[in-house]
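Where a number appears in this text, it was derived from the coordinates with a stated rule and is not lab data. Quick caveat, the model's predicted, so the values are computed rather than measured. Positions of Cβ are backbone-derived with ideal geometry, glycine not excepted, and every protein chain shown enters the neighbour counts.
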Amino acid sequence: MAKKSDSGLLLAAGVVLSLGFSLIGSALLGMYIGSLMDKGSSTNVYTPVGLIVGLIVGFHRSWVIVRSLIKKRK
């Protein structure tokens, strides 16, 4: 069985990785979708818009993860 301090460390590492993947993955996906939309357009405006939307979604997902952890601790 794992010690209590080891399980706390694993939980913290899992949360940090989850937050990182949420932010980076959402931003990259938004940029990718924006670049696909830019291929059919004469302007390059959708890639930055996709990045911003992806970051907003990533921050929202991160907030949901942190909020659920806070509620679990109480």
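Only one of the values (1) 1.43; (2) 1.26; (3) 1.52 was calculated from this structure for Cα Rg over 2.2 N^0.38 Å; name its label.
Given (1) 1.43; (2) 1.26; (3) 1.52, the calculated one carries the label (3).
Which value, in debye to the nearest 20, gives the size of the charge dipole of the chain about its Cα centre, when Lys and Arg are +1 and Asp and Glu are -1 at the Cβ?
600 debye
At Leu11 and Leu55, where each label point lies 7 Å from the Cα along Cα→Cβ, what is the point-to-point distance in nanometres?
Placing both labels 7 Å beyond Cα along the Cβ direction yields 3.2 nm.
Can you tell me how much longer the chain between Leu69 and Leu28 gets when fully stretched, taken as 0.36 nm per residue apart minus their C-alpha distance, in nm with one decimal?
Difference between extended and current length: 12.2 nm.
Taking the 0 to 90 degree range and rounding to the nearest ten, how far is the long axis of helix 46-73 tilted relative to the main principal axis of the chain, both from C-alpha atoms?
Between the helix axis and the principal axis of the chain, the angle is about 20 degrees.
Mind pulling the angle between the C-alpha long axis of helix 4-39 and the longest principal axis of the chain? Nearest 10 degrees, somewhere in 0 to 90.
10 degrees
Looking at the chain, how many pairs of lysines come closer than 24 Å at the Cα, when each pair is eight or more places apart or spans two chains?
On the way: Lys3/Lys71; Lys3/Lys72; Lys3/Lys74; Lys4/Lys71; Lys4/Lys72; Lys4/Lys74.
Eligible lysine pairs with Cα atoms under 24 Å apart amount to 6.
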